[in-house]
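J.: I have a structure here, written as structure tokens, and I will follow up with some questions on it.
The numbers here are math on the coordinates, done by the rules we state, and not lab data. Keep in mind that what you see is a predicted model, and the values were worked out from it rather than measured. Here Cβ is always computed from backbone atoms with ideal geometry, including for glycine, and neighbour counts include all displayed protein chains.
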């Protein structure tokens with residue numbers, strides 16, 4: 001049991017103390033021998049308070065997901081400058097204080113949103129890999145999948161951040177390292193999907209060129225529907241890529 005100091009304050013055992021050690025001067029509880037740990041709760045029972053923590057943790061995760069989703073929507077629809085903490089909080093249906101509890105700054109919020117987007121896209125690519133055909137048809141299908149990374153609302157949100165970062169040094173400082181990590185992961189997944197051997201000369205560059213081409217075609221598709229021309233380019237590129245990897 002806790003001992004008391006001269007000032008009358010309780011002195012408690014450190015939480016990381018070995019379970020079998022009893023501090024000198026303390027008396028073990030009940031009849032528990034001093035060289036054995038205190039009795040734990042019976043199997044199947046949770047410590048007091050554990051049941052209350054779990055709902056709070058679940059609510060916290062839900063709030064975080066809402067904030068990240070709202071941030072992506074706001075970026076895609078209104079751009080970086082209009083994506084304020086208040087705007088995101090209102091879209092997510094939470095208070096501004098709750099939003100800032102999870103993300104103290106706007107930069108932290110949008111970087112986390114982009115990071116989650118990238119993780120979701122990479123996961124989706126790997127899930128779709130099971131349905132890929134073999135041979136040349138696989139290369140063409142992978143090229144199409146990689147192009148999908150750079151289309152739609154998610155790409156538009158990321159693009160607005162890139163443009164803003166070119167004028168905002170603070171945003172650029174946090175976005176550049178993240179973009180480098182995302183780029184490396186996208187490259188790694190592209191290699192996996194293509195079954196490419198990067199020890200062969202030129203293969204690494206061919207894979208990276210595929211991602212760069214996809215990004216460029218995604219940009220071209222922002223203002224007009226470039227679908228027909230893109231399909232022709234992808235077919236031709238797939239032939240070249242098949243020979244390269």
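J.: Kindly put 212, 168, 160 in sequence by how many other C-beta atoms sit within 10 Å of each C-beta, fewest to most.
T.: By the 10 Å Cβ count, ascending, the order reads 212, 168, 160.
J.: Here is a follow-up. On full extension of the chain, what length is gained from residue 223 through residue 162, given 0.36 nm per residue of separation minus the C-alpha to C-alpha distance?
T.: Numbers: separation 61, 0.36 × 61 = 21.96 nm, distance 1.71 nm.
My answer for the length gained is 20.2 nm.
J.: Please compute the modelled spin-label separation between residue 200 and residue 212, points set 7 Å along Cα→Cβ, answer in nm with one decimal.
T.: Output for this residue pair reads 2.0 nm.
J.: Please report how far the C-alpha centroid of the stretch 64-128 lies from that of the stretch 206-240, rounded to the nearest whole angstrom.
T.: 28 Å
J.: Translational diffusion coefficient of the stretch 59-244 at 37 °C, 0.692 mPa s, Stokes-Einstein with Kirkwood Rh over Cα pairs, in µm²/s as a whole number.
T.: 185 µm²/s
J.: Separate question: Using a basic spin-label model with each label point 7 Å from the Cα along Cα→Cβ, how many nm lie between residue 124 and residue 172?
T.: Going from the residue 124 label point to the residue 172 one covers 3.0 nm.
J.: What distance in nm lies between label points placed 7 Å from Cα along the C-beta direction at residue 65 and residue 192?
T.: Between residue 65 and residue 192, the simple spin-label model gives 2.2 nm.
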